[in-house]
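Q: The structure follows.
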């Protein structure tokens, strides 16, 4: 039997690992006997790490050393997360390349390294369960993850010693889990509302083929945000009752956070629950307690605006799929946050039907990843996943316009080619700026990378043809290449390496651009000068021809000599000598002031 | 010859949406990269299937398919016409030699290179303001490669800017460019510009209105039409222009 490939759902709050045994997927329990493992990493002062259940239990006692929700940071830039900084109890710093680093006990770790810890734990669970080495995996990501987030997830796998054979989208994975063995033909919507992200995907099931028609979502909307709302609510009430801010006490923050999550979960089954936080704060009068009951209705009112944000992506996904809500015959609910009754109600209203409860919302994604692993090993020959790219991909044109080469919701793997040209004469370098997003203005989309195509032979502008090729592989990961069609010069990048390779380069680019602009100006100036001397030479030529008889012998010889000098200077492109010769000619001819003046006037007029 | 999207998906031109989807699924079952076993095979399938997906991404979308159909039809008509014209070009040309027509007997590829050099030189002169000599070089470029729309446009503009008359020659050069490359609206803008230069407002308006048939939101053309006080033409466009004027 071939080496096992596991499927891993690397979640914001929890992770799950599964494997296909024969044709049956199986979820693998961890060492503690649970099928889900908290995506929490505790960093000890000695540099060691603890992952999962044990780490989560330490969150309360050691909030600044316990890392949670790292998925919210993976593949992002430090400048992008400024507004969310206070949500993370641990310390985050940005390095010179705008990459995020988690700093604990003076050790800086990248989000990829932290995610790798979680993946390592899942790998260990699988190895213990299977009693075999595991070195290959299919890992899931939110469908609406951009290219950098996918690349970083893949790299996290590598750090964990796992070859990530395929990145698949979470809602698509859930559809696989639903469809396996059903052989049905229908339109399915997957509503995936997890701990940190929200995705909606519309699929066509055609026997064993799973074709994604469209996908949409919000990578920063999840159960975490609901917890946050409840946290703020409790914090404000404590503030009103005691005039004390719990934000000054990391342990209190952690206690309220945990209570918020607990209250959220309880209100999914209970109509009301009690919040009891004894000794939550203390002032000179002694310890203070917080106690109240919260009804489901109050909770739903609190979250109404947040839930409303779920509707717009649903609308867009349906219209991109060119379907009406009632044409969707099955709606799958995936992700822990779909346990909230108000969310189920919202889905029921939007699609006009009861959502299906045939998949386990916590396990379906990992099960789907295990099924895809089975496709790659060849044990599930018939099943085939045809996914789409969630965001448009393109480049920046002159004037800052974004030109999409591959529009969103294109079936992948795919490729697109487009020809572009230069904007300046003798432009030897073309700067290719690769972006992802839906905005018309390039700078409002996300930069995935940039590179320079150099070595374009000097030609007037608009002559060279630069062919830019985008290709997306089955993982949804992009590679870009550019080629000068006439000279054959070419360059390609795998977008992932961009931050490493481009570092320090932008200055050189600007310098090069400035140098080129100066070159262009000089070229123009010299051409104008040269044209002037050419006309001047013609004028002297006709002057001599016309007034030969009236000119002094010696003057005539001098004129002819200088004319030859000017002619040679022009062919040699020696503008300094040309200027001298032109001056000489003018001086000699000025001796015949009236004749010359009239001729010159007649010639130039 | 390159295969069109229908040929890539192995469906007929009048295939229904369902047929197209079925064809895509059938090809996916055979040629999706996941069906490969060796790295080379997977790489090969990846390339092949990327092409299939590209075709599918256009044909699965009603609007994109309609747009593609129009383009395909134009290309075929053009190719048919060119096929008919090749004979006279091959026949020995009578007279009409100029200094730069050196490429006459040269093989096709060399002639294209000569044309490119002539055009480059012409463009240099054009940019330096020497329109008279630029005209000569553009003519030489066209002699060696008649099917390059850009050469004709530049010739037209050079003739016009050299201010030595030749209005008709400029117009026919640009019309030829439009014929060769009907999708590039810039050629139509150039035509309008020429009509405007000689004060032929009505023809300029017509040129800009024609342009709008190809690119209904072209800002430059609309701007010129508004400037020329045109509101006539097709009712649809006049509505757009009217709306812009009101703003």
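Any read-out appearing in this document is the output of simple, stated calculations on the displayed coordinates, not a laboratory observation. Bear in mind the structure is a predicted one, so any value in this text is a computation, not a measurement. Please note: Cβ atoms are built from the backbone with ideal geometry, for glycine as well, and neighbour counts cover all protein chains shown.
Q: Taking chain A as the reference, fit the longest principal axis to its C-alpha atoms, fit the long axis of helix A:250-266 to the helix C-alpha atoms, and give the angle between the two in degrees, 0 to 90, nearest 10.
A: Its long axis makes an angle of about 70 degrees.
Q: Let me ask something else. If one puts a single equal scatterer on every Cα of the stretch A:393-503 and applies the Debye formula without solvent, what log₁₀ I(q)/I(0) results at q = 0.13, 0.14, 0.18 Å⁻¹?
A: Taken in order of the listed q values, log10 I(q)/I(0) reads -0.47, -0.55, -0.90.
Q: When all C-alpha to C-alpha distances in the stretch A:514-604 are sorted into bins of 5 Å, what percent of pairs does each bin hold, rounded to whole numbers?
A: Percent of Cα pairs in each bin: 3, 14, 24, 21, 16, 10, 6, 4, 3, 1, 0.
Q: I'd like the distance between the alpha-carbon centres of the stretch A:347-391 and the stretch A:240-275, rounded to an integer number of Å.
A: Result: 35 Å between the Cα centres.
Q: Once every DSSP H run of n ≥ 4 in chain A is given -39500 (n - 2.57) and the sum is divided by its residues, what mean residue ellipticity at 222 nm do you get, rounded to the nearest 500 deg cm²/dmol?
A: -12500 deg cm²/dmol
Q: Let me ask another. Angle, helix A:505-547 long axis vs. longest principal axis of chain A, Cα atoms, 0 to 90°, nearest 10?
A: Orientation of helix A:505-547: about 20 degrees from the principal axis.
Q: While we're looking at this one, here's another question. Sort A:542-552, B:111-121 by the packing proxy (mean of other Cβ within 10 Å over each peptide's residues), most packed first.
A: In descending order of packing, they fall as B:111-121, A:542-552.
Q: While we're looking at this one, here's another question. Taking just the alpha carbons, could you work out the radius of gyration and Dmax for the protein assembly as shown, both in angstroms?
A: My reading of the Cα-based Rg and Dmax gives 35.4, 121 Å.
Q: Follow-up. Highest mean first, what order results for A:579-586, A:279-286 on Cβ atoms within 10 Å?
A: A:579-586, A:279-286
Q: Taking other Cβ within 10 Å of each residue's Cβ, how do B:3, A:322 sort, fewest first?
A: Starting with the residue having the fewest Cβ neighbours, the order is B:3, A:322.
Q: Related question: Can you tell me the 0 to 90 degree angle between the C-alpha axis of helix A:296-308 and the longest principal axis of chain A, rounded to 10?
A: 20
Q: Now for a separate question. Report P(r) for the stretch A:61-130: all Cα-Cα distances, bin width 10 Å, range 0 to the bin holding the largest distance, values in whole percent.
A: Per 10 Å bin, starting at zero, the Cα-Cα P(r) for the stretch A:61-130 comes out as 19, 49, 23, 9, 1 percent.
Q: Could you work out the mean count of beta carbons from other protein chains within 10 Å of each residue's beta carbon in B:120-129?
A: For peptide B:120-129, the averaged partner shielding equals 4.
Q: Once fully extended, how much extra length lies between residue A:26 and residue A:417, figured as 0.36 nm per residue of separation less the alpha-carbon to alpha-carbon distance?
A: Gain in length upon complete extension: 136.5 nm.
Q: What average count of beta carbons from other chains do you get within 10 Å of the Cβ of residues in B:32-41?
A: 3
Q: Under a plain spin-label model, where a point goes 7 Å from the Cα along Cα-to-Cβ, how far apart in nm are residue A:601 and residue B:47?
A: 7.3
Q: Using only the Cα atoms of the stretch A:17-158, what are the Rg and Dmax in Å?
A: 15.9, 49
Q: Binning every alpha carbon pair distance of the stretch A:223-305 at 10 Å from zero, what are the percents per bin?
A: Binned Cα distances yield the sequence 17, 54, 25, 4.
Q: Starting from the Kirkwood radius over alpha-carbon pairs of the stretch B:103-232, derive D by Stokes-Einstein at 25 °C in a medium of 0.890 mPa s and give it in µm² s⁻¹.
A: Reported coefficient: 162 µm²/s.
Q: To continue, here is another question. Just how far, in whole angstrom, is the stretch B:173-214 from the stretch A:420-484 if you go by their alpha carbon centroids?
A: Here the answer is 30 Å between Cα centres.
Q: Round to the nearest 0.05 the FRET efficiency obtained for residue A:251 and residue A:163 when R0 = 30 Å and r is the Cβ-Cβ distance.
A: Calculated transfer efficiency: 0.15.
Q: Enter the mean number of other protein chain beta carbons within 10 Å of the beta carbon of each residue in B:49-61, as an integer.
A: For peptide B:49-61, the averaged partner shielding equals 5.
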